[in-house]
Amino acid sequence: MKKIVIVKCNMISNQNLCPGDAKCFIALMRKEGEFEKYKNEDVYIIGIMDCGGCEGNANRVVCSLALLKIQLAALKENPDVVHVGTCIMKFCKRKDDLIAAIKEKAGVEVVEGTHPYAPPTIFGS
Ligand code: SF4
């Protein structure tokens, strides 16, 4: 069994451009996109948190993960994997900093991406 935490884009989330986080939930249910690797496993999302926003630095996401860890520990849970949302992978100019910070501090596997349903870019490839 795998327990997953997802990190998503604060801006996309706050502007309700990904209502209900539905794409990640559906992709996990169907085991599509970066969740395909769990095809033969039970897998659960145990937390979704955002990056902390464009202001400031990547330390925010580390602080948010630390707070989530405390909350999950109180519930006697711990994630096995952190997935960096497709919203961040496709649209964030700071994704390299965010991913580096998450990888440095997560202490568990970090997977780049979640669902495969992002639209193609409008300008360019
Ligand atoms: S830093 Fe990146 S992931 Fe976070 S809100 Fe800004 S664009 Fe979104």
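Coordinate-derived values only; no laboratory data. Just so it is clear, the structure is predicted and the values come from calculations on it, not from any experiment. Cβ coordinates were reconstructed from backbone atoms using ideal geometry, including for glycine residues, and neighbour counts include every protein chain displayed.
Gain in length, Glu41 to Gln15, computed as 0.36 nm per residue apart minus the alpha-carbon separation, to one decimal in nm? Mind dumping the intermediate values first?
On the way: separation 26, 0.36 × 26 = 9.36 nm, distance 3.34 nm.
Full extension from Glu41 to Gln15 adds 6.0 nm.
Across the alpha-carbon set of the range 1-116, the Rg to Rh ratio works out to 0.94, Rh being the Kirkwood radius.
Segment Val111..Arg94, full-extension length gain: 4.5 nm, with 0.36 nm per residue of separation and the alpha-carbon distance subtracted.
For the chain, a crude dipole built from +1 on the beta carbon of Lys and Arg and -1 on the beta carbon of Asp and Glu, taken about the Cα centre, is about 60 debye to the nearest 20.
Close amide-amide hydrogen proximity is noted between Thr114 and Glu34, Thr86, each under 5 Å apart and 5 or more residues distant or on a separate chain (H modeled in the peptide plane; Pro and chain starts excluded). Between Lys76 and Lys103, the C-beta separation translates, for a Förster distance of 41 Å, into a calculated FRET efficiency of about 0.95. Find how many whole Å separate the alpha carbon centroid of the range 1-54 from the alpha carbon centroid of the range 57-76. With the range 57-76 and the range 1-54 each reduced to a Cα centre, they are spaced 16 Å.
The packing ranking, built from the mean of other Cβ atoms within 10 Å per residue, places the peptides 88-94, 7-13 in the order 7-13, 88-94, highest first. Remark on Ile48: its backbone amide H falls under 5 Å from those of Ile6, a criterion applied only to residues 5 or more positions apart or on other chains, H modelled at 1.01 Å from N. Highest-first packing order for the peptide set 40-46, 26-32 is 26-32, 40-46, based on the mean count of other beta carbon atoms within 10 Å.
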